[in-house]
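Since the structure comes first, as structure tokens, the remarks are kept for the end.
All of the numbers you see were taken from the coordinates with simple rules; none came from a lab. Everything quoted here is computed from the prediction, not taken from an experiment. FYI the Cβ positions are ideal-geometry reconstructions off the backbone, even for glycines, and counts take in every protein chain you see.
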Amino acid sequence: MVTKVRTMSKSLPAANAGLNRSSDTETGHTIVPTGQLAIRSESPHSLARLDLVWIFIPSLLVIIIRLLMWHQYFDESSKADRPFIEGREAVTGMYCANDRSRWAAVVSLVHQGTWEIDDIDSLRGIHGNWGTIDKVYHVNRSGEEHFYSSKPPLYILFVASQYWILNRCFGVDMLRNPLWVIKSLVFCNQVLLFGLFLLLYVNILRRFVRHRMVLICLGLTAGIGTFLSTFAVSLNNHLPAAVCVIGTIHLLFRMEYDRYNSGWHYFAIGVIASLGVTFELPALAFLGLIGIWLLGRSPTKTLTFGVMGIAFVAAAFFGSNYWAHGSLRPPYAHRSDGQVLARLDQDDVNEVLSGKIPKGLIISDNNSAGLRPTRIENVAVENHPTVGRWRIVDQQSKRRYALQRVGSVFEIRDWDNWYDYEVGGKASYWLPGSARGVDVGEPSRWKYLIHITVGHHGIFSLTPIWLFSLLGIFVAWRDPDAIWRRLAYVTLTLSIVIIIFYCCRPLADRNYGGVASGFRWFFWLIPLLLLMLIPAQRIVLRSKSLTLAWGLCLAISVCSGFHGFLNPWQHPWYYSP
């Protein structure tokens, strides 16, 4: 048995296109199988304006309150908060080493015209704490070694351009009044961005959700039930990446349902999806799957306009990286030694360790002109925490090399580990034996898998509402609408790939994202999980038990997010390191 609902206009079938709906082309009716959600008689556009009040105001108001309150309430039992309480350190509005790394680069770029953060990183006391462990140390174009932010520079450049306008046009100085300048820029670059995220998600909801309370419930789930809202008060890359994902899907829906098929839409998707990669490198898998999707629609436009959009973002990403670091590779790609320049036997090594250069030792120096033989005359040898490894510094050129035991052979390698340094008696936090707490890494990959899924940093234990996203994937997979089947495939594939990717990372990288209230490396997939709640709610509404379970899971998800109400950069509520 089916129920026929007469369409009101030519545009309404597209707006009412939903899951498991078909069209009676002979009569011009939209057919909705009995038991599915009925199409509302109200205009979706007029109703959406009312729904926005119930979704946007509570969601954004909570974030703004958190943004304004953090500097006024501190935990007296917390050692980290004691300098603020006692007045020994100014409050800056920065939360931890992660965002301090970006802000230090922003200030250095605007005030000093350089990406080097040495002077800013050393500020403490009345200037506030600008120090960070998220930094790298390498040679600049003048041959001098300096500290730099380890964060990709493109987003830093975007924020710095805004601060440059405030500084040059209005005299705003972040070093003199960091608190409100930083909060203002966070509002522009995070809070407003979160508002855009909600707007795009609600626009998608309007296409498929006809029940007003269901629409509001799903909207509030996006507004206060995920970790994206938790981190919207701190400068981070996860929220912009999530906006890129939802923006890409929003454009795909416009193309599929509204028949938007111009080359500029392919260009826009190429730009937005590749921007997501600049924020989250694993989003490269998302870009690839979207590329396959578009190739099925129009190979010509995908390979011309789509690739053009990707090339545009790639030029900006690699160009900013070369400007900042003199390398096309981002800092996190410089975490190991470079190529072998020379091989030594045991006798030659003994001479090098004593400060002498073996006769006839020639290093194949790698420079912009290629490999050329170079002789070093005077070296200083520094011990390294890693057994069988030493630092060698050419006293004349100040160039650094790595001496590494490989079996029975010793190799001199080009120094390319920017995270390996010791300056002024202070060693890098990321050296073996230096990291503490959660940053040490989880030795067992199986244990790591359990904890990032259902354990203390669990995707499904901290935000159990995503269990219904799994249900939604199953429902969408069986839907006659090919668009939802593809979206379910993309969501499930990316979720599995990302989990496997991080489980297979080296020990130092299996650290749950450091000190954070959730497994933040998974946050950029939140838009896809939210979309899978749309087909799931159609099944949930048929059962009171499932509806109660949905409410319970949503309540736990909201509580997990609110655990980081004042500071998102803290451990999850039931994790005790």
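Across all Cα atoms of the chain, the radius of gyration (one decimal) and Dmax (whole number) stand at 27.0, 93 Å. Using only side-chain charges placed at the Cβ, +1 for Lys and Arg and -1 for Asp and Glu, the dipole size of the chain relative to its Cα centre rounds to 1900 debye. Sorted fewest first by neighbouring Cβ atoms within 10 angstrom, Cys169, Cys553 come out as Cys169, Cys553. Averaging 1/r over each pair of different alpha-carbon atoms in the range 295-344 and inverting the result gives 13.7 Å, the Kirkwood hydrodynamic radius. Near Ala342, the amide H atoms lying under 5 Å from its own belong to Ile412; only residues 5 or more places off or on other chains count, and H is placed 1.01 Å from N. At an R0 of 30 angstrom, the distance between the Cβ atoms of Thr300 and Leu196 translates into a FRET efficiency of 0.45. For the chain, the 222 nm mean residue ellipticity estimated from helices alone, with every DSSP H stretch of n ≥ 4 adding -39500 (n - 2.57) and the total spread over all residues, rounds to -15000 deg cm²/dmol. Averaging Cα coordinates gives a centre for the range 85-133 and one for the range 173-193; these two points are 13 Å apart. A cut-off of 5 Å between modelled amide H atoms, ignoring neighbours fewer than 5 places along the same chain, links Arg510 with Glu442.
Translational diffusion coefficient, Stokes-Einstein: compute it for the range 89-176 using the Kirkwood radius over C-alpha pairs as Rh, at 4 °C and 1.567 mPa s, and state it as an integer in µm² s⁻¹. Calculated translational D: 98 µm²/s. Would you be so kind as to identify all helices of the chain, as entire DSSP H runs, whose Cα atoms reach 27 Å or more along the helix's own axis and whose mean Kyte-Doolittle hydropathy is at least 0.0? Length and hydropathy pass: 44-69, 238-257, 482-503, 544-563. The H on the amide N of Ser517, modeled in the peptide plane, is under 5 Å from the matching H of Gln570, each at least 5 residues off or on a different chain. Extension gain, Trp180 to Val387: 0.36 nm times the residue separation minus the Cα-Cα distance gives 69.8 nm. Here is the list for the range 115-158: GluC sites (Glu not before Pro) lying in DSSP coil, each with at most 15 other C-beta atoms within 10 angstrom of its C-beta, are Glu144.
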